[in-house]
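Below is one structure; the comments refer to it alone.
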Amino acid sequence: MWDYSEKVKEHFFDPKNAGAVSDANAVGDVGSLSCGDALRLTLKVEDKTDIILNAGFQTFGCGSAIASSSALTEMVKGLTVDEALEISNQDIADYLDGLPPEKMHCSVMGREALQAAVANYRGEELEDDHEEGALVCKCFAIDEVMVRDTVRANSLSSVEEVTNYTKAGGGCSACHEGIEQILTEEMEARGETFTPAPIAATKKNVVHLKKEDVKKIEPEKPAAAKLTTVQRIKLIEKALDEIRPSLQRDHGDVELVDVDGKNIYVKLIGACVGCQLASATVGGIQQKLMEALGEFVKVTPVSDEQLTNLAGV
Amino acid sequence: MNDIYLDNNATTMVDPAVVDEMLPFFSEQFGNPSSIHSFGNKVGLAIKKARKTIQTLLGAEYDSEIIFTSCGTESDSTAILSALRAQPERKEIITTEVEHPAILTLCENLETQGFVVHYLKVDEKGRLDLNAYQRLLSDKVAIVSVMWANNETGTIFPVEKMAEMAQNAGIMFHTDAVQAVGKLPVNLKDSCIHMLSLSGHKLHAPKGIGVLYLKRGTRFRPLLRGGHQERGRRAGTENAAAIVGLGKAAQLALEHMAFENSHVSALRDKLQEGILKAVPCSFVTGDPDNRLPNTANIAFEYIEGEAILLLMNKFGIAASSGSACTSGSLEPSHVMKAMGIPYTAAHGTVRFSLSRYNTEEEIDKVIEAVPPIVAKLRKLSPYWEGDGPVEEPEKSFAPVYA
Ligand code: FES
């Protein structure tokens with residue numbers, strides 16, 4: 001249980017509202033003993049106001065099932081039934097400062113028990129939406145039956161669609177192989193063949209610009225001439241501030257040293273020094289500054305000793 | 001005599017701080033990280049912490065992109081075989097002719113199974129032709145695998161650019177970065193690199209631990225199936241002590257990154273200049289303008305590398321050579337051959353690879369020791385006469401019996 005938060009441990013070792021509420025008028029049972037997970041939620045709801053006065057739980061479940069149930073009962077007390085239904089399994093997990101990925105289904109169970117209890121209180125029939133199968137996606141606690149049914153009902157044909165419909169596969173992506181397997185089988189059953197999506201597009205580096213990307217900027221725009229030196233320096237500083245975070249992510253930084261007409265001297269700091277991408281970085285900075293100033297400038301990185309020369313010492 | 005270790009591209013000393021960090025995980029912290037009880041508890045937490053540090057070192061977006069393996073070779077095999085299994089309709093691989101045997105031997109074996117492997121050529125400085133690469137990118141290619149930096153010459157390949165080109169062609173990109181990680185800043189979240197291999201013992205962590213970086217969303221088929229470890233992507237009980245060690249080593253590498261690129265590279269430059277100045281007919285191989293900060297590969301013409309190493313060893317200097325004799329084959333290093341270095345020089349290449357533990361004093365000693373060694377061996381060489389090579393050395397001595 002090394003991955004449990006302090007909050008989870010607290011609710012597990014010392015659960016709140018354990019046991020059934022004696023005069024309950026709403027009962028929700030979910031899970032099954034065969035899966036090793038079952039939860040009964042009992043609520044006392046005030047008839048006139050729909051406010052939940054008391055809540056209790058009984059569970060046959062693991063540590064996080066106990067903690068999730070305990071958290072849920074604390075959360076719903078004092079809410080109206082409608083407000084309580086707004087609680088998502090993620091809210092339960094957040095209340096506990098997070099649950100490990102493979103334990104997220106415990107919070108799902110809590111949320112389902114709540115729905116069942118409310119249906120019971122209102123005298124509605126809750127359609128039992130799924131039997132549980134083997135977990136496919138641990139990040140979102142989605143089981144095989146759920147994925148299969150959704151794929152079938154909506155004629156899904158890609159992992160991305162499955163993620164959009166069920167959330168499965170939207171986390172670490174370790175379960176994509178399993179989802180592809182289900183897609184392959186289900187699509188075969190409806191006479192299609194599964195074709196995996198092409199390589200997903202990835203983000204590009206913001207600062208390390210390619211030469212081809214550098215926009216041509218007309219040199220000597222008349223507007224540029226109107227800027228005073230102070231204005232230009234301010235604009236340059238502002239542009240550098242915008243670039244800074246992405247350099248700092250690479251453990252580097254940049255400092256403005258001097259502005260001499262079109263020549264802007266900067267000092268690269270930290271990991272930027274000697275980085276094989278230093279020249280690309282300078283190119284990126286130059287591009288940003290040209291955009292900011294609307295004129296052609298040349299950015300030159302200077303080392304410490306050049307600095308001394310520049311200062312005329 | 002104090003030994004001078006200049007063979008850090010082969011393997012590195014485990015940093016004492018890494019050892020300290022690891023020791024408890026052999027004795028009191030022996031639990032299985034998967035266990036519920038508190039024996040496993042602490043181990044699980046320690047692994048989590050190590051994963052985070054390595055995420056930072058690689059600039060990865062998520063810590064779940066870090067998969068622990070047993071070594072760089074396993075990471076390489078996992079990456080390539082996964083790409084082939086996930087895309088059975090694609091039967092081609094692009095790599096380079098100067099890769100590490102972990103890639104080349106696997107590729108050769110795959111060729112016998114009907115896969116087509118394209119080996120990118122390098123020029124005399126070990127550089128790739130990106131136009132030739134571009135022409136090979138097609139939807140028949142399952143994966144491109146290109147090393148970040150060459151182990152023998154230290155030459156750096158433009159993998160970020162190449163990954164982007166692969167990405168634009170819809171092809172997975174893997175890089176064997178065992179020489180680069182820890183020496184060069186790496187920022188994977190902003191790159192198009194899908195997979196990356198690293199090896200612990202190249203960055204002052206112990207042997208027997210490696211990492212495969214797997215970008216989230218990359219289609220993957222595990223090499224080892226079994227347990228749920230590493231989210232089912234690499235089964236087998238975690239090598240907890242080594243993982244903790246690698247985490248510490250990653251932290252140290254981050255802290256020393258600037259040092260490596262200033263101090264260590266300055267020592268390397270001093271060594272290289274000192275030797276080149278004192279030894280005639282010697283030159284640097286690879287691309288000195290695009291090179292790991294710690295590596296200098298110097299060819300001493302007309303003599304043989306193993307002999308140089310043996311004599312250097314007498315002075316307590318450890319380095320390695322691209323000579324045939326040191327590799328147990330008759331051919332000189334495939335990297336030297338690929339660059340078209342003549343045999344008379346290729347057999348006499350010596351790789352000096354430094355680390356943050358080397359001192360200026362050591363470098364001075366090496367600069368002093370190497371020239372007489374070379375001179376001594378040249379006296380014995382049939383290609384050498386007096387102060388210089390014989391005229392047309394290749395012709396003057398062309399033995400018929402191999
Ligand atoms: S298991 Fe992580 S996304 Fe499904």
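Annotation note: of B:Val366, B:Val350, the sole residue that is outside any helix (DSSP H, G or I), open to solvent by less than 50 Å² (accessible area, probe 1.4 Å), among the aliphatic types (A, V, I, L, M) and in the same structural domain as B:Ser321 (by TED's automatic domain parsing) is B:Val350.
Of everything in region B:36-50 that's open to solvent by 90 Å² or more (accessible area, probe 1.4 Å) and more than 9 Å from chain A (Cβ to nearest Cβ), which residue is modelled with the highest pLDDT? Checked region B:36-50; the qualifying residue modelled with the highest pLDDT is B:Lys49.
When every residue of region B:94-106 is checked against the conditions, none turns out to be within 14 Å of chain A (Cβ to nearest Cβ), open to solvent by 10 Å² or more (accessible area, probe 1.4 Å) and assigned to a loop (DSSP other than H, G, I, E, B). One residue alone among B:Ser82, B:Ser75 is more than 14 Å from every other protein chain (Cβ to nearest Cβ), of a type outside the set (A, V, I, L, M), under 30 Å from B:Lys121 (Cα atoms) and within 23 Å of the chain's Cα centre (by Cα), and that residue is B:Ser75.
Each residue in region B:272-287 was checked for being of a type outside the set (Asp, Glu) and crowded, with 16+ Cβ neighbours inside 10 Å, and 9 pass. Sub-8 Å Cβ pairs linking a first residue in region A:149-177 that is in contact (Cβ under 8 Å) with a residue 24 or more places away in the chain and within 14 Å of the ligand (Cβ to nearest atom) to a second residue that is assigned to a helix (DSSP H, G or I) and among the hydroxyl-bearing types (Ser, Thr, Tyr), at least 6 apart or interchain, are A:Thr166/A:Thr150; A:Gly169/A:Thr163; A:Gly170/A:Thr163; A:Gly171/B:Ser64; A:Cys172/B:Ser64; A:Ala174/B:Ser64, ordered by first then second residue. Checking every residue in region A:110-128 against the condition of being among the β-branched types (Val, Ile, Thr) and within 30 Å of B:Lys48 (Cα to Cα) gives zero matches. Checked against (1) in contact (Cβ under 8 Å) with a residue 24 or more places away in the chain; (2) more than 29 Å from B:Val122 (Cβ to Cβ); (3) outside any helix (DSSP H, G or I), B:Pro382 passes all but a single condition, namely (1). Looking at region B:145-159, is at least one residue hydrophobic (A, V, I, L, M, F, W, C) and over 20 Å from B:Ser191 (Cα atoms)? No - not one qualifying residue is present in region B:145-159.
The values are calculated or read from the model by the stated rules, or taken from the named source; none is laboratory data. Note that the structure is a prediction, hence the values are computed from the model and not measured. Cβ: placed from backbone, ideal geometry, glycine included. Neighbour counts: every protein chain shown. Side chains are part of the model used for accessible areas, which takes the heavy atoms of the whole protein and leaves out ligands, DNA and RNA. Shrake-Rupley method; radii C 1.70, N 1.55, O 1.52, S 1.80 Å.
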